Amino acid sequence: MDATTPHSLWLFFLLTFGVILLPGLDMAYVAGSALTRGLRGGLLAVAGIMAGGLVHVLVNVTGLAALMLMWPGAFNALLVAGAAYMAWIGWGIAASAFARSAAEPASSSLPAEPQRGGVFARGVLNCLLNPKAYAFMLAVFPAFLQTPERSMSQQALLLSASIAGNQLMIYGGVALLATGAQRWAGPGAGAQRGLSLVVGATLIIAAALTLWGAWRP
C-alpha cells in the first residue's frame, strides 16, 4: 500500500467505505437512536460519531494511538469498556419496553437521555470507545498520512474529510432505513415495544460479538 500513488485518496476512501459499512457498535447506535428517537435522533448520533472520528485522527497524528499497539492490555481495556457501554445502552432500551405503559408514547423509550445533546455526546463516546476504529487507525491510516505532495496536516485534513463523508453517507442511510422501519411498524404501542426489544437485543448482541471477535491475547 503506497500512499504516494496518484489515487491514494481514492483508495483510502474505498477502504474507509468498506470498514464503515461493516456492522459494528457505531452502526448499531445510529440504528437504535433513529428507531427510538426518530430521524433527528439518528442524525444527531451520526454527527456525534463524525466528531469522534475527528478525535481519532488527532489521536493518531499525535502518536498516542501507537501506544495501544505497544500495549495490548490498553486495547483490551478499551474493548471491554466499549462493549459494556453499548450493552448498557441496549439494556436500557430493552428494559424501557417493559416499563412503558401502553398509553405512553414510544419516543420516551430512552428516559435517561432526554436532551438532544445526550444523543450527540453518546455518539462521540461510542466512537471513541469503538475498537474497530482504533484497529483501522493503527493498521491503515498511517500508510496514507505521509505523502510528498502535501504536508501532514493537509493530508490529515483530506483523510478526515474522507472518513466524515463516508460516515455521513453510510450512517445517514442507516438512520433513514431505521426510521422507515419505524413508520412501517406503525404507531401501535405493541409494535413500538417490539421495536425497542429488537433494538436493545441487537445492541447487546453486537457488543458481545465485538468483544469476542476483537479480543487480543
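The values are calculated or read from the model by the stated rules, or taken from the named source; none is laboratory data. All values reported here derive from a predicted model rather than from experimental measurement. Glycine gets a Cβ as well: all are built from the backbone with ideal geometry, and neighbour counts include every protein chain shown.
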Every residue from the range 9-41 that is closer than 16 Å to Ile163 by Cα and among the aromatic types (Phe, Trp, Tyr): Trp10, Phe12, Phe13, Phe17
Pairs with Cβ under 8 Å, 6+ apart, first in the range 76-88 and over 9 Å from Leu211 (Cα atoms), second among the aliphatic types (A, V, I, L, M) and modelled with pLDDT under 75: Leu78/Met68
Among (1) among the acidic types (Asp, Glu); (2) at pLDDT below 80; (3) under 11 Å from the mean Cα position of the chain (by Cα), the one test that Asp2 misses: (3)
Residues (closer than 18 Å to Val46 by Cβ and among the small types (Gly, Ala, Ser)) located in the range 121-164: Ala121, Gly123, Ala133, Ser160, Ala161, Ser162, Ala164
Verdict on Ile170 being part of a helix (DSSP H, G or I), touching a Gly at 6+ places or on another chain (Cβ under 6 Å), modelled with pLDDT of 80 or more and of a type outside the set (Asp, Glu): no
Top-ranked residue of the range 135-173 - restricted to ones that are over 16 Å from the mean Cα position of the chain (by Cα) and among the β-branched types (Val, Ile, Thr), ranked as farthest from Met50 (Cα to Cα): Thr147
Looking only at the range 174-217, and only at residues there that are under 16 Å from the mean Cα position of the chain (by Cα) and among the β-branched types (Val, Ile, Thr), the one that is modelled with the highest pLDDT: Val174
Residue within the range 95-114 that is assigned to a helix (DSSP H, G or I), modelled with pLDDT of 70 or more and in contact with an Asp or Glu (Cβ under 9 Å, 6 or more places away or on another chain) present: no
Any hit, the range 27-42, residues being modelled with pLDDT of 85 or more, under 21 Å from Leu203 (Cβ atoms), in a loop (DSSP other than H, G, I, E, B) and among the aliphatic types (A, V, I, L, M): no
